[in-house]
Structure formats: C-alpha cells, structure tokens
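Below is one structure, written out as structure tokens; the observations come after it.
Where a number appears in this text, it was derived from the coordinates with a stated rule and is not lab data. Please read all numbers here as calculations on a predicted model, not as lab measurements. Positions of Cβ are backbone-derived with ideal geometry, glycine not excepted, and every protein chain shown enters the neighbour counts.
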C-alpha cells in the first residue's frame, strides 16, 4: 500500500462514486482487507468490475442489473443476486408457458365456436380478452458487451 500513502485522505473520503476495475489484482491480502473495510464503511457508492467473487460479495449489499433494455435492482450481494436472477427467469418461463397454454385454449374455443350463434357473446368476449392481454416476456440471457471509452486523463503531479 505504499502508493496509497501519496494520496491525500480528503481526496478519497469526499468522493460520491468510486469506479474500480479489478482492484484486487496484484495486491496482498492485507490490502484487500483494508480496501473492503474502506469501501463498506466509508465509500458512498462504488461501481466495481472484478473477477474476485469473494471481494464482490464482501463489499456489496445492492446489485443493479442492466440487461436487454431493462434495469433490475436487487438488495443483495452478488452471489445472492445470481440466485435471485435465476429464480426470476424460472418464474418468467413458467408464467410464459402458462400464458401460452391459456392463449392456445382460448384460441381453440374461438375457432371451434366462431360460427355458433349461441356462443357468439363468449367468442367475442374471449377475443377482446386476448386482444387486451399483455404478453409475458422472458428475459433473454444478455451476452452483449458494454463498450465505454473515456478520454485520456491528464497526468497528475504528486509530490512526496
């Protein structure tokens, strides 16, 4: 943590958002523990990119997923979020399948009794109901990549 001594204490503690890209790479366990403690107890908001799942689980209590044009906000650490996301997809798939069966059953009824005078009101009612039905969508697994470009920053002048 020798490089951290050069950064003033005020420059870290007054930030609103900290962006970290693989912050645990190339640092020892003592530094990881210090960083976790700092992020949990002193940081306002943190956006982290990391492959270190234990680190992510230790510092997160909220996970926001941006996928396929939707935003999901989970009040959970990363590992719990993964389980909740899988549960959401399973629920969506089940609801979608049930809705498709419901639609098929009603379409069968409509086709069967479309020309029957005694069933005209029921056929019309079911047609209207199907027209108003909001189709359940199942979230696809997002495999796209987010590409961000930041302009080069000016080189800082830090003196000891």
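Ordering 127, 65 by the number of other Cβ atoms within 10 Å of each residue's own Cβ, fewest first, gives 127, 65.
Mind sorting 73, 139 by how few other Cβ atoms lie within 10 Å of their own Cβ, fewest first?
Ranked by crowding around the Cβ, least crowded first: 73, 139.
Here the ratio of the Cα radius of gyration of region 84-132 to 2.2 N^0.38 Å is 1.54. Full extension of the chain between residue 125 and residue 87 yields a length gain of 10.2 nm, computed as 0.36 nm times the residue separation minus the alpha carbon distance.
FRET efficiency for the residue 22 to residue 135 pair, using the beta carbon distance and R₀ = 41 Å, is estimated at 0.50.
Straightening the chain between residue 98 and residue 47 buys 14.6 nm, computed as 0.36 nm per residue apart minus the Cα-Cα spacing. Could you give the distance between the Cα centres of region 23-42 and region 82-114, to the whole Å? Result: 47 Å between the Cα centres.
The translational diffusion coefficient of the chain, from Stokes-Einstein at 25 °C and 0.890 mPa s with a Kirkwood hydrodynamic radius over alpha carbon pairs, comes to 118 µm²/s. For the chain, the share of DSSP beta bridges that are antiparallel, to the nearest 5, is 55%.
Using 0.36 nm per residue of separation minus the Cα-Cα distance, give me the extension gain between residue 111 and residue 36 in nm, one decimal. Can you show the working numbers first?
Values: separation 75, 0.36 × 75 = 27.00 nm, distance 6.29 nm.
The span from residue 111 to residue 36 would gain 20.7 nm if fully extended.
With contacts taken as Cα pairs under 8 Å at a separation of at least 6 residues, the chain carries a relative contact order of 17 percent.
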